[in-house]
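Engineer: Once you've had a glance at the structure underneath, I'll fire off some questions.
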Amino acid sequence: MAKVLLDMLGAIIGSVGKVSYYMRYSDNIARRKGAGGKSSNSPAAVEQRMKFGMLIQLATILQTIITQGFPQRKRGLSAANAFVSINKDICSVESNVLTVDYEQLLCANGQLLTPEVTVTYSTENQKFSFEQTAPEEESNSNADDKVYAVLLESNQGLCRLKNLRQRGESGSTSIALPQRWEKEHVHVYVFATSADGKKASKSMYLTVEEGV
């Protein structure tokens, strides 16, 4: 039995292979399943372990992002668990090959409206250019909301979080493609949080257009 370091991963509940995760009081505990019992090797069980393992891996990669992206959640539920729960259907397995539907992935969730942002990529400059449009006043939308861009490099398991500008502002923000990142494996998302960080919008997957 071992404690999971919450500042590294956040609380996790469930099983991966022969390790079970659960909460006891305020501690997140990892326990190896008893030697006498055997994990099922049925195709369905193997697929479920593969999917859950990938979701935990993504939660670890996106730790900083989902901490901000899931402020509204049930008491006692960690941001990592909220992320795993809402993304439980983004993984599929066929012929023992696991595929992640990154367009359906949510790295933030809440009642605020998603921000109005588009993105292009310049091969010559190796930069992403985010164009933000200030919306008209609506409910669940405030001019001082913070707008964030997320870059996820799925091949190497890397990510970046960039604060673009306030929702009530219009303008462009450039982000250089980090060194050693492979552009073809980069997935881009945007979301907003309230100024105090207590509310968030759902994240939105952005299709990257080729720019000049």
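Engineer: Classify segment 100-183 as rounded, prolate or oblate, taking a ≥ b ≥ c as the square roots of the eigenvalues of its Cα gyration tensor: rounded when a/c is under 1.5, otherwise prolate if a/b is larger than b/c and oblate if not.
Structural biologist: It comes out oblate by the Cα gyration axes.
Engineer: Tell me, what HN-Hα J-couplings in whole Hz come from the Karplus equation 6.51 cos²θ - 1.76 cosθ + 1.60 at θ = phi - 60° for each residue of segment 81-98, using x for Gly and Pro?
Structural biologist: Here the 3J(HN,Hα) series is 5, 4, 5, 4, 5, 6, 9, 4, 9, 8, 9, 9, 10, 9, 6, 6, 10, 8 Hz.
Rule-based calculations on the coordinates, nothing more; no lab input. Values in this document were obtained by computation on a predicted structure and should not be read as measured data.
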